[in-house]
Amino acid sequence: METLRLEIVTPDGQIFADDIKTVTLPGSEGEFGVLPHHASLVSLLQTGIIDIELVNGDHELVAIDWGHAEVDETKVTVLADGAVAIVGENESAIAQSISKAKQLIESISDSDIAIAMAEAKIDLILKQRKY
């Protein structure tokens, strides 16, 4: 199986770095997906959720306030001003990271639509997870 390298970096450090199947990014013109061998591009990212499909088929989510993505055939690099990984070993830890992600999104976005879309994406992915 072919993979794609994804790195998400903020001024505070690296949030994510691993080989993945696909990633969906909140582009300034709308969401877009990236697979291995994607055409090269640079895109502005808006407030939203990065949906990462791992090699094992699981999904991880990272909320960002805004940033830029550089894509080439083998790698995606996201430079975000602020980001929160929505992870945890149990429901309590995940609830805490969701709360931090919502605070990040609400702090930067004055759009109720952007906030609602991000929260809906978080809820959808979490419903699909199995504990």
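Values in this text are rule-based calculations from the coordinates and carry no lab data. Owing to the predicted nature of the structure, the values given are computational and were not obtained by experimental measurement. All Cβ positions, glycine included, derive from the backbone under ideal geometry; neighbour counts span all protein chains shown.
Take every Cα pair under 8 Å whose residues are at least 6 apart in sequence, average their separation, divide by the length of region 18-104, and the relative contact order is 23 percent.
For ASP58, the amide hydrogen comes within under 5 Å of no other amide hydrogen, counting only partners 5 or more places away or on other chains and with H modelled in the peptide plane.
Going by average Cβ neighbours within 10 Å, how do the peptides 76-86, 30-40 rank, with the highest at the top?
76-86, 30-40
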